[in-house]
1. Mind checking whether some residue in the stretch 447-466 is hydrophobic (A, V, I, L, M, F, W, C) and either open to solvent by 60 Å² or more (accessible area, probe 1.4 Å) or more than 30 Å from the chain's Cα centre (by Cα) (or both)?
2. Take the conditions in contact (Cβ under 8 Å) with a residue 24 or more places away in the chain, touching a Gly at 6+ places or on another chain (Cβ under 7 Å) and surrounded by fewer than 20 Cβ atoms within 10 Å (Cβ to Cβ) and apply them to residue 160. Does it pass?
3. From the list 590, 552, 535, 503, which one is touching a Gly at 6+ places or on another chain (Cβ under 6 Å) and either farther than 30 Å from residue 145 by Cα or crowded, with 19+ Cβ neighbours inside 10 Å (or both)?
4. So residue 113 passes all but one of these: (1) in a loop (DSSP other than H, G, I, E, B); (2) more than 17 Å from the chain's Cα centre (by Cα); (3) touching a residue at least 24 places away in the same chain (Cβ under 8 Å); (4) surrounded by 14 or more Cβ atoms within 10 Å (Cβ to Cβ). Which condition number does it fail?
5. Could you list, in sequence order, the residues of the stretch 327-353 that are over 24 Å from residue 447 (Cα atoms), part of a helix (DSSP H, G or I) and open to solvent by less than 30 Å² (accessible area, probe 1.4 Å)?
6. If you take the residues in the stretch 247-264 that are at pLDDT 95 or above and in contact with an Asp or Glu (Cβ under 7 Å, 6 or more places away or on another chain), which one is surrounded by the fewest Cβ atoms within 10 Å (Cβ to Cβ)?
7. Restricting attention to the stretch 59-92, which residues are in a helix (DSSP H, G or I) and either modelled with pLDDT of 95 or more or of a type in the set (S, T, N, Q) (or both)?
Amino acid sequence: MKKTIYLLSVLVLLTACNDDFMNRHPRTEIGVERFFNTEEDLKMYIYGLYNFPGHGTYAADGGTDNQATTSGAVEIKNIMAAANPSSSTVTSGWSWDRLRSINLFLANVGRADVAPDVKAHYEGLARFFRARFYMDKVKRYSDVPWYENVIETNDDEALFKARDSRDLVIQKIFEDYQFAAENVKTDQPAGALDKWGVLTYMSRDALYEGTFRKYHNELGLASTANTYLQMARDAAKRIMDSKEFTLHTTGKPGEDYLAIFRSGDLSTNPEIILATYYDPKEVTAGTSEWNFGNYEPSPAKDLVLSYLMKDGSFYSSQSGYRTKPFVDEFQNRDPRLSQTYAYPGWELIQTATYVSGAGIYIQQFNKNFTGYHLIKGFVNNKEADVYNDLDYPALRYAEVLLNYAEAKAELNEFTQTDAELSVNLLRRRAGMPDFNMNPGTEPLSVAKFGNISALLHEIRRERRVELAFEGFRYDDLMRWNAGKVLEKIPEGLYFPSLGKFDLTGDGVEDIYLIPSSGSIPADADKEVNSKGVKLVYYRTGGIDDSNATVYLSNGTSGTIITTKSMGTFVEPKYYYRPVPVQQITLNPALGPQLFGWE
């Protein structure tokens, strides 16, 4: 298969790069005269720069309103919970080794004996990676030093330079993107970056910068926001106009969305702009049941509330929507909800460390977890060769359509024609009504994002639902100036009281919530339901109740809660990170700290 051939070639090249080149020559004496001579050399080096997303991305919404997490590695969660975070305690991220590798390539690509268009292709790829590197730095620090040459250890002027302005660095980033978009080729093997992948990232980052400037007055750059919104629009439109991609659909709205995230071969899927391919004979996908919802991440109720009703109306318009039981929450909803969350009556096939009880799944509860479970990206198969072969859709055409729609709406250009070109395609794939150009505003969305147009509220909803658990939510909240959303404690299922409840939708009770002071009976003494199945017991109490295994917001009723507090999001400070104090000690020109950091 095409993808297998490609993956094997990458592995060979990377091995050759590590053993034959990088390890043989010290970084300060890399022996460029023995490398950078052929196209194979250039390809080998560029493959070594690949760092595209994989299955771990399904946990990347952790700490946002999409996903609760017990992980201690979520930076913003730790910052918000800290008494006084500072440049002495927030010290990750200031690493420049990758940039040196990129600039080394750019300094030597001209030596290769290849055709000019081939040379420009590889230069474009390296400049793409530099643009991505710097975009990540700007997101953290805003102002950073721009380097486009290899810095030697005796170059004091470069080593001890001050930070360059965000505006200058962003201009340089998009010069790199533009060069890449014009020179990277389209006819690349499956899994290799091509022009369309470059344009997708360009659109994503231009949308980020345009909206960040628009909604963050502390930068004083709002007057230039439209420049980047127009870039986002135009990059997305180039992909759309190419007719190279369409949404994956087989006319099965209850299956087509989820199928993208359960495929062992995305190489022929028309929606995939770039995928991370796996072959169990060489490199396994690394997927497991950890993302299902019983390990560190677990999906949150707040996202459940965002899915529309099947008729396109707001779920929050339903009477008592906040206190609907689990079974009722999934009735007559956007079909993507039941292709993202485990729904009442969902059948579990795989059983493993964090997931047990094959058959019709009964939600499993535990401390600090919501009780919701994620089936998007979950391999519901017990065969190792199946779940180790799962490809990851690193770039989807769906994102391009959403980038286009949002940029057009931010520019006050969004029309019915634009809806037909973008969000209506997504909704029709899901079997939902077309986008309403006069949708009204939902109080839940207004509470998050304030006074923006009703169109923008709905485009943001569509983006959230379509791209849920693909690693977009945190950046989206940051660029929309909505950090305060992170203060809300993630919630889970609602229970009106203690007692017995049906979770599978068959009308038969499955679980028994008892007081935290109660004792769970021995297995032989547990009550049996009308199907002859023993009830699952949970001791229930408030968040401070050490005897409880399920925490309810009111102790004996309410929503499952995952933590006592999410802390405080300090604005605008926490939209950025400090330069680590050790770095300013080495180079005082990097100071002073910005936006209230010390």
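The values are calculated or read from the model by the stated rules, or taken from the named source; none is laboratory data. Since we're looking at a predicted model, the values are computed, not measured. Virtual Cβ from ideal backbone geometry, glycine too; neighbours counted across all protein chains shown. Side chains are part of the model used for accessible areas, which takes the heavy atoms of the whole protein and leaves out ligands, DNA and RNA. Shrake-Rupley method; radii C 1.70, N 1.55, O 1.52, S 1.80 Å.
1. In the first step, residues of the stretch 447-466 are kept if they are hydrophobic (A, V, I, L, M, F, W, C); the result is 447, 449, 452, 454-456, 459, 465.
Next, only the ones that are either open to solvent by 60 Å² or more (accessible area, probe 1.4 Å) or more than 30 Å from the chain's Cα centre (by Cα) (or both) stay: 447.
Yes, the stretch 447-466 contains a residue that is hydrophobic (A, V, I, L, M, F, W, C) and either open to solvent by 60 Å² or more (accessible area, probe 1.4 Å) or more than 30 Å from the chain's Cα centre (by Cα) (or both).
2. Numbers: in contact (Cβ under 8 Å) with a residue 24 or more places away in the chain: yes; touching a Gly at 6+ places or on another chain (Cβ under 7 Å): no; surrounded by fewer than 20 Cβ atoms within 10 Å (Cβ to Cβ): yes.
No.
3. Values: 590 fails: touching a Gly at 6+ places or on another chain (Cβ under 6 Å); 535 fails: touching a Gly at 6+ places or on another chain (Cβ under 6 Å); 503 fails: touching a Gly at 6+ places or on another chain (Cβ under 6 Å).
After ruling out the rest, the residue left standing is 552.
4. (4)
5. 327, 339
6. Our first condition is that a residue be at pLDDT 95 or above; within the stretch 247-264, this holds for 247-261.
Checking which are in contact with an Asp or Glu (Cβ under 7 Å, 6 or more places away or on another chain) leaves us with 247-250, 260.
Numbers: 247: 19, 248: 20, 249: 17, 250: 9, 260: 21.
Among them, the one singled out is 250.
7. We begin by selecting, within the stretch 59-92, every residue in a helix (DSSP H, G or I); these are 59, 75-81.
Correct list: 75, 76, 77, 78, 79, 80, 81.
Conditions (1) closer than 30 Å to residue 246 by Cβ; (2) among the charged types (D, E, K, R), marked per residue:
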| site | (1), (2) |
| --- | --- |
| 410 | yes, yes |
| 435 | yes, no |
| 439 | yes, no |
| 446 | no, no |
| 454 | yes, no |
| 457 | yes, no |
